[in-house]
Amino acid sequence: MMGLLATPPWLLIASPEMSEDFFSQGVFLIIEHDEEGSIGFLINRRCHENLDEVIKNSHDDIPEDIPTWFGGPAEADRGLILSHERVSEEDDSVAPDCYISTAPETIELLYKPEPTEAPRHPYRFISGYTAWESKQLDKEIREGKWMVIPYDKELVFNTSTGNIWPQAIGAIGLAPAKMFAQTVSHIH
């Protein structure tokens, strides 16, 4: 199990059988996976609030239409920025084209660039993260609860939220519509 899993980032895809509300059709960007456990962000669940509602008091001029994503239940009151390019020197590199920042000034650099700069897209404001205990995720993958594919910048940053899971499943060679039809036919 240590082959692909030994070197994050990679994408963790909920199997069609995962029916728990939180995990159902979830796709997670896993950024840490070692003997101590795993950490990742759910990348295909939008929050009900936009960024201006999440960080109300700190920036009065945030446009009302910037969405936020629910990364997971751990520290859901804390946010971070996932971007395909380095915005500030403080950003941590997750992959050659994937950076994480918790610096407040990065928020302004993203939604309000200098007049001489083009807007920086794509990026995601993420609230919280998801964590697994030591060896828990390895066990769940062996049990068939999860599937794994390599990190895909297009899937993370340039795919609409509702299409991330079907495209991730398709990358494995499975067709979600056929899987659903087979599940329904087994019920009857």
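A compact table of results
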| item | result |
| --- | --- |
| Candidates E53, E49, E32, E20 - the one that is modelled with pLDDT under 85 and either surrounded by fewer than 11 Cβ atoms within 10 Å (Cβ to Cβ) or over 20 Å from D77 (Cα atoms) (or both) | E20 |
| Helices (runs of 4 or more DSSP H) lying entirely in region 110-188 (those with 1 or more residues that are under 27 Å from C47 (Cα atoms), modelled with pLDDT of 90 or more and touching a Phe, Trp or Tyr at 6+ places or on another chain (Cβ under 9 Å)) | 136-142 |
| Complete set of residues in region 16-52 that are hydrophobic (A, V, I, L, M, F, W, C), under 18 Å from Q136 (Cα atoms) and part of a loop (DSSP other than H, G, I, E, B) | M18, F22, F23 |
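Residue-by-condition table, conditions (1) out of contact with any Ser or Thr (no Cβ under 8 Å at 6 or more places or on another chain); (2) part of a strand (DSSP E or B); (3) at pLDDT 80 or above:
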position: I62; (1), (2), (3): yes, no, no
position: D65; (1), (2), (3): yes, no, no
position: W69; (1), (2), (3): no, yes, yes
position: G72; (1), (2), (3): no, no, yes
position: V87; (1), (2), (3): no, no, no
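The values are calculated or read from the model by the stated rules, or taken from the named source; none is laboratory data. In this text, all values refer to a predicted model and were calculated from it rather than measured experimentally. Cβ: placed from backbone, ideal geometry, glycine included. Neighbour counts: every protein chain shown.
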